[in-house]
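Colleague: Quick one: structure below, then a few questions.
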Amino acid sequence: MASPDLLFNLRNLFYLGAYQAAINNSDVPGLDADAAAERDAIVFRSYIALGSYQLVISEIDSSAATSLQAVKLLALYLTGDKEGAISSLKEWLSDSAIGSNPVLRLIAGIVFMHEQDYNEALKHTHSGGTLDLHALNVQIFIKMHRSDYAEKQLKIMQQIDEDHTLTQLANAWLGIAVGGSKIREAYLIFQDFAEKYPMTGMVLNGKAVCCMHMGSFEEAETLLLEALNKDAKDPETLANLIVCNLHLGKPSSRYLSQLKLSHPDHVLVKNAAASEATFERALQAVA
């Protein structure tokens, strides 16, 4: 008889974006050394998701496990020390003693995906080995507009554990990317999460994006405003509200201003700036 998975609930809270709840419920008794290291990695990644980079950097010292050192590199990268973090990542990945560590490979994939260097990311994640790595592969292939490869990764995940939260999430991500009849399926996945777990900004945004694809912009706006109440600075909520309001014929400049202030590197901010620059050049050409 298999022993119970003591970190099941903690993982699900993290995967669905309930980061504070994950931190609050991380005192799990009876963990062995490996499970305790996994628990700590989830907790520190939750702090990173909440923007508490310095806390992670200060609490993980040089004696910590490789998985935690990798999480610390992600925090360093996100504080702006990109060159240092990437240099350390590459050095560690080339070390035969630790280079195959799944959390190190996962963090490498996340960092290089941030860099939009998808081929470099896949170099470290493509062989899989954990559901987290396969789920990241799905995200990377969607970014590359290769839904065919993303579907292959999803099928591997379904063979490992069809009902796993990450498998269901990956199925929903792919459904949104592919569109058509898959949108309804993705909506039902997020609806199922909403009924089983605490309602999070991630789940609300997932449902809202599905609603927008299906033309239900009023319902999407309601969901997004609920998400905004949970986190007024969440970039995906602000970006989705901008798109939703444009379709509803409502002003969206305030949300765009908030997004520019809190996340100046967001793709929507960059696209808006590029469009403004193009418009200015066109005006000058006519003048």
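The values are calculated or read from the model by the stated rules, or taken from the named source; none is laboratory data. Computed from a predicted structure; not experimentally measured. Don't worry about glycine lacking a Cβ; one is built from the backbone with ideal geometry, like all the others, and counts go over all protein chains shown. Protein only, heavy atoms only, side chains kept; ligands, DNA and RNA dropped before computing areas. Shrake-Rupley method; radii C 1.70, N 1.55, O 1.52, S 1.80 Å.
Colleague: Convert 25 °C to kelvin, take the viscosity as 0.890 mPa s, use the Kirkwood radius over C-alpha pairs of the range 128-191 as Rh, and evaluate the Stokes-Einstein diffusion coefficient in µm²/s, rounded to a whole number.
Modeller: Translational diffusion coefficient: 217 µm²/s.
Colleague: Where does the chain land at 222 nm, in deg cm²/dmol rounded to the nearest 500, when only DSSP H runs of n ≥ 4 count, each adding -39500 (n - 2.57), divided by all residues?
Modeller: Rounded to the nearest 500, the figure is -23500 deg cm²/dmol.
Colleague: Can you give the net charge of the other residues whose Cβ lies under 11 Å from the Cβ of I42, counting K and R as +1 and D and E as -1?
Modeller: Values: positive: R11, R39, R45; negative: E38, D40, D132.
Charge balance in the 11 Å sphere: 0.
Colleague: Give or take rounding to whole Å, what are the principal axis extents of the alpha carbon atoms in the chain, in descending order?
Modeller: 67, 42, 36
Colleague: Based on the Cβ-Cβ distance of K152 and V267, what FRET efficiency does E = 1/(1 + (r/R0)^6) give at R0 = 30 Å, to the nearest 0.05?
Modeller: Here the calculated transfer efficiency is 0.70.
Colleague: Using alpha carbons only, how many degrees (0 to 90, rounded to 10) separate the axis of helix 33-49 from the longest principal axis of the chain?
Modeller: Helix 33-49 and the main axis of the chain meet at about 20 degrees.
Colleague: Would you work out the relative contact order for the chain, in percent, from Cα pairs under 8 angstrom that are 6 or more residues apart?
Modeller: So the answer I get is 9 percent.
Colleague: Can you give the accessible area of K123 in Å² (nearest 10), computed on protein heavy atoms with a 1.4 Å probe?
Modeller: Counting only protein heavy atoms, K123 exposes about 140 Å² to solvent.
Colleague: While we're here: Lysines within cross-link reach of K230: Cα-Cα under 17 Å, excluding same-chain residues under 8 positions apart?
Modeller: K207
Colleague: Heavy atoms only, probe 1.4 angstrom, no DNA, RNA or ligands counted: give me S257, S100, S46 ranked by accessible area, highest first.
Modeller: S100, S257, S46
Colleague: Subtracting the Cα-Cα distance from 0.36 nm times the residue separation, let me have the gained length for E59 to E219 in nm, one decimal.
Modeller: Residue separation times 0.36 nm, minus the Cα-Cα distance, leaves 53.4 nm.
Colleague: Quick one: pull the percentage of alpha-carbon pairs in the range 1-141 with a separation above 27 Å.
Modeller: 17 percent
Colleague: Find out how many positive minus negative residues lie around C244, taking Lys and Arg as positive, Asp and Glu as negative, among other residues whose Cβ is under 15 Å from that of C244.
Modeller: So the environment of C244 carries a net charge of -3.
Colleague: If we count GluC sites (Glu not before Pro) as exposed when they sit in a DSSP loop and have at most 15 other beta carbons within 10 Å, what is the longest stretch of the chain that avoids them all?
Modeller: In the chain, the maximal stretch lacking such sites is 163-287.
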